[in-house]
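Heads up: the structure comes next, in structure tokens.
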Amino acid sequence: MKNIDLSSIKTPADIRNMNIEELTLLAAEMRRALMDKLSVHGGHVGPNLGMVEAVIALHYVFDTPQDKIIFDVSHQTYPHKMLTGRMEAFTDPAHYDDVTGYTNPSESEYDLYSLGHTSSAVALAAGLAKSRDMQGGKENVVAVIGDGSLSGGVAFEGLDYGATLGSNFIVVVNDNQMSIAENHGGIYADLRLLRNTNGTAEPNLFRAMGYAYRYVNYGNDLKSLIEMFRAVKDIDHPVVVHINTMKGLGLPVAEADKETFHFSAPFDLKTGAIKGETDGGPEDYSEHFAKEMLRKMKENGKVVAITSGTPGVLGFDKARRMEAGRQFVDVGIAEQAAVDVASGLAKGGMRPVAGFVSSFLQRAYDQFSQDIALNKQPATFVTFYGTMFGMNDETHLGFFDIALLSNIPDLLFLAPTCGEEFDAMLDWSIRQEETPVVIRTPGTVVASNPEIELLDDYSRPQYEIVRQGEKVALIGAGLMFGIMAQAADKLAEAGVKATLINPRNLSSLDTATLDTLKDYSVVVTAEDGIIDGGFGQKVASYLGEAPAKVINLGLPKEFLNRYDYSELKKRCGLTPEQIASTVLSTMK
């Protein structure tokens with residue numbers, strides 16, 4: 001049989017006249033193209049390799065884009081993009097960066113939402129189905145959910161409502177037995193029982209909620225998938241189609257190590273070794289945090305680390321999770337639950353420390369406000385990738401966290417500037433028993449500053465005046481402190497001696513220190529978070545009636561997408577040279 005020309009596939013209509021042999025060949029060639037790209041470009045490996053057949057079958061059977069498909073955790077949609085006009089982005093290295101790693105309506109009419117977080121597809125699809133029903137439409141509405149997303153609360157809420165629609169509503173549960181790491185939560189025991197009984201076990205969660213239920217035992221078999229999707233197409237009631245797939249299928253290293261190859265930097269296809277990786281580089285905060293937490297766990301049996309489905313972000317690989325034992329808790333992809341479990345542990349006398357990707361913690365705002373801050377539970381939360389130098393996809397931006405959390409009453413938001421300060425803040429937060437604390441990791445790799453002034457108590461605002469100057473003050477929060485120090489050096493070269501301040505605490509103001517700045521000519525604040533609602537605006541408000549001119553530097557309130565880090569820094573005037581220039585021009 002001749003090869004399938006992938007470049008000839010522009011829309012799903014181009015595959016609908018293929019026979020099963022041709023579709024099988026198409027799947028093999030798409031999988032090979034995916035592996036070739038991912039090995040040199042990086043990206044989500046396992047989720048996409050495991051979804052090739054399911055995506056082909058969906059587009060083969062359903063009349064997309066008239067029929068609507070919403071992919072949850074849309075990092076599993078590379079095959080979908082290949083079939084919907086974006087094949088070149090997966091076959092031509094010159095075009096590898098033409099598309100994002102997630103569904104994006106600006107790319108294609110086949111993408112209904114920009115989705116990078118989990119568990120929302122079922123509720124979104126339920127809303128679409130309700131809209132269709134109210135307007136007399138007949139199209140199919142399909143939600144595809146997997147990779148551990150069923151543990152998220154909104155997934156349950158969506159399933160709960162969707163079961164009441166009484167009309168066409170199809171939920172495809174992609175069950176690859178994994179989240180990012182192993183699955184956690186009682187629902188996955190139910191899925192395992194269903195897999196082990198070929199879908200016949202009772203009780204059945206989905207039937208209990210009011211859904212019809214169908215099962216595909218080998219969810220990577222095109223013939224079985226096509227038959228099943230044809231059976232439920234145009235169905236007149238809610239149905240769950242449970243497909244048992246293999247994460248990382250076709251790539252032996254990804255099949256053998258599903259956790260590592262959930263997402264990967266460029267790697268060697270045969271060995272799985274990360275390309276360009278060398279020993280002896282700077283330690284990142286994930287590795288540093290895990291080592292510190294294991295030490296604290298051994299010293300104090302009440303210390304508990306918590307993750308919501310992202311243990312690798314906390315540096316806890318499988319070996320470290322086993323070493324921590326009961327003192328490491330993974331609640332699954334359920335950030336709201338993670339915050340509340342931390343609150344309950346603190347209430348019970350334990351010392352919980354929960355770690356989050358900064359972008360994901362926004363899903364638990366209400367729990368931070370009500371169940372942590374209002375109730376004054378002394379839990380610690382550490383945010384990773386919260387700076388402009390974290391993830392740069394519009395669905396994963398982490399630089400909203402300062403404005404988001406530092407304005408919640410009775411929640412202390414600390415911004416260390418280096419590894420030593422991070423350790424001191426973490427130590428204190430675990431020792432104290434009065435205050436909920438958020439600690440923002442200052443960047444991705446651990447920088448050292450042995451000269452930093454460390455405190456025994458971070459509960460009250462107490463700025464560190466690192467250099468005493470006159471007329472000009474530079475206040476740099478977290479990662480921006482180092483840049484402000486460089487700006488102070490530039491100003492010194494121009495004959496201006498600036499006061500350099502490390503604020504430490506971004507929730508409250510050290511008014512005593514700020515009072516000494518009222519008669520300055522210029523006060524500049526810099527933070528690697530959005531300016532609106534951020535730390536700098538608190539300073540500007542306090543000094544509003546003072547003679548000092550206050551300049552706030554930070555990031556724009558925008559959904560930036562795949563931005564260049566150095567270009568963004570320049571755009572925002574955050575290079576040392578630009579900061580010094582801003583000060584000098586203001587003083588004229």
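The values are calculated or read from the model by the stated rules, or taken from the named source; none is laboratory data. Owing to the predicted nature of the structure, the values given are computational and were not obtained by experimental measurement. A quick note on method: Cβ atoms are made from the backbone with ideal geometry, for glycine too, and the neighbour counts reach across all protein chains shown.
Just for the range 205-241: of the residues that are outside any loop (DSSP other than H, G, I, E, B) and of a type in the set (D, E, K, R), which one is nearest to Val52 (Cα to Cα)?
Lys223
Ile475 - would you say it is within 30 Å of Pro378 (Cα to Cα), within 32 Å of the chain's Cα centre (by Cα), surrounded by fewer than 24 Cβ atoms within 10 Å (Cβ to Cβ) and among the β-branched types (Val, Ile, Thr)?
The answer is no for Ile475.
If Ser343 passes every condition in (1) closer than 20 Å to Phe535 by Cα; (2) among the hydroxyl-bearing types (Ser, Thr, Tyr); (3) assigned to a helix (DSSP H, G or I) but one, which one does it miss?
Answer for Ser343: the failing condition is (1).
Take the residues in the range 322-340 that are assigned to a helix (DSSP H, G or I) and not small (Gly, Ala, Ser), then tell me which one is surrounded by the fewest Cβ atoms within 10 Å (Cβ to Cβ).
Among them, the one singled out is Arg326.
Testing Ser224 on (1) in contact (Cβ under 8 Å) with a residue 40 or more places away in the chain; (2) closer than 24 Å to Ile20 by Cβ, one condition comes back false. Which one is that?
Only one criterion in (1) in contact (Cβ under 8 Å) with a residue 40 or more places away in the chain; (2) closer than 24 Å to Ile20 by Cβ is unmet by Ser224, namely (1).
Residue pairs, Cβ under 8 Å, 6 or more apart or interchain, first in the range 190-214 and under 26 Å from Ser167 (Cβ atoms), second acidic (Asp, Glu). List them.
Short answer, once both residue conditions are applied: Leu191/Asp175; Pro203/Asp190; Asn204/Asp190; Leu205/Asp190; Met209/Asp160.
Can you tell me which residues in the range 371-395 are among the β-branched types (Val, Ile, Thr) and either surrounded by fewer than 23 Cβ atoms within 10 Å (Cβ to Cβ) or outside the structural domain of Val341 (by TED's automatic domain parsing) (or both)?
Thr395 - this is the single residue of the range 371-395 that is among the β-branched types (Val, Ile, Thr) and either surrounded by fewer than 23 Cβ atoms within 10 Å (Cβ to Cβ) or outside the structural domain of Val341 (by TED's automatic domain parsing) (or both).
Could you please find all residues in the range 252-307 being of a type in the set (A, V, I, L, M), touching a strand residue (DSSP E or B) at 6+ places or on another chain (Cβ under 6 Å) and modelled with pLDDT under 95?
Residues satisfying the conditions are Ala265, Ile274.
Which pairs turn up if I take residues in the range 557-579 that are among the basic types (Lys, Arg) and look for partners that are assigned to a helix (DSSP H, G or I) and crowded, with 17+ Cβ neighbours inside 10 Å with beta carbon separation below 8 Å, at least 6 apart in sequence or on another chain?
Note: pairs meeting the criteria are Lys570/Gln578.
Here are some conditions: (1) farther than 18 Å from Leu514 by Cα; (2) surrounded by fewer than 23 Cβ atoms within 10 Å (Cβ to Cβ); (3) at pLDDT 95 or above. Arg467 meets all but one. Which one does it not meet?
Answer for Arg467: the failing condition is (1).
Please go through the range 312-357 and give me each residue that is more than 20 Å from Ile430 (Cα to Cα) and in contact with a Lys or Arg (Cβ under 7 Å, 6 or more places away or on another chain), ordered by number.
Those that are more than 20 Å from Ile430 (Cα to Cα) and in contact with a Lys or Arg (Cβ under 7 Å, 6 or more places away or on another chain): Glu335, Gln336.
Given the criterion surrounded by fewer than 19 Cβ atoms within 10 Å (Cβ to Cβ) and within 19 Å of Gly398 (Cα to Cα), identify the matching residue among Asp317, Asp366.
Being surrounded by fewer than 19 Cβ atoms within 10 Å (Cβ to Cβ) and within 19 Å of Gly398 (Cα to Cα) holds for just one of Asp317, Asp366, which is Asp366.
Return the residue satisfying two criteria in turn: it lies in the range 248-271 and is in the same structural domain as Pro47 (by TED's automatic domain parsing) and among the β-branched types (Val, Ile, Thr), and of such residues it is farthest from Asp97 (Cα to Cα).
That would be Val253.
Taking Asp72 as meeting all but one of (1) under 21 Å from Ala256 (Cα atoms); (2) surrounded by 22 or more Cβ atoms within 10 Å (Cβ to Cβ); (3) among the acidic types (Asp, Glu), write down the number of the exception.
Of the numbered conditions (1) under 21 Å from Ala256 (Cα atoms); (2) surrounded by 22 or more Cβ atoms within 10 Å (Cβ to Cβ); (3) among the acidic types (Asp, Glu), the odd one out for Asp72 is (1).
Quick check on Gly158: is it buried (at least 19 other Cβ atoms within 10 Å of the Cβ) and either modelled with pLDDT under 90 or in contact with a Pro (Cβ under 8 Å, 6 or more places away or on another chain) (or both)? First the steps, then the outcome.
On the way: buried (at least 19 other Cβ atoms within 10 Å of the Cβ): yes; either modelled with pLDDT under 90 or in contact with a Pro (Cβ under 8 Å, 6 or more places away or on another chain) (or both): no.
Criteria not met by Gly158.
Among (1) assigned by TED's automatic domain parsing to the domain that holds Gly536; (2) within 21 Å of Ser286 (Cα to Cα), there is one condition Val472 misses while meeting the rest; what is its number?
Here Val472 meets the rest and fails (2).
Considering only the range 421-428, I want to know if a residue exists there that is crowded, with 24+ Cβ neighbours inside 10 Å and either of a type in the set (A, V, I, L, M, F, W, C) or within 21 Å of Asp371 (Cα to Cα) (or both). Before you say what the answer is, go through the steps one by one.
Start the filter on the range 421-428 by keeping residues that are crowded, with 24+ Cβ neighbours inside 10 Å, which leaves 421-422, 425.
Now narrow it down to the ones that are either of a type in the set (A, V, I, L, M, F, W, C) or within 21 Å of Asp371 (Cα to Cα) (or both): 422, 425.
Yes, the conditions are met somewhere in the range 421-428.
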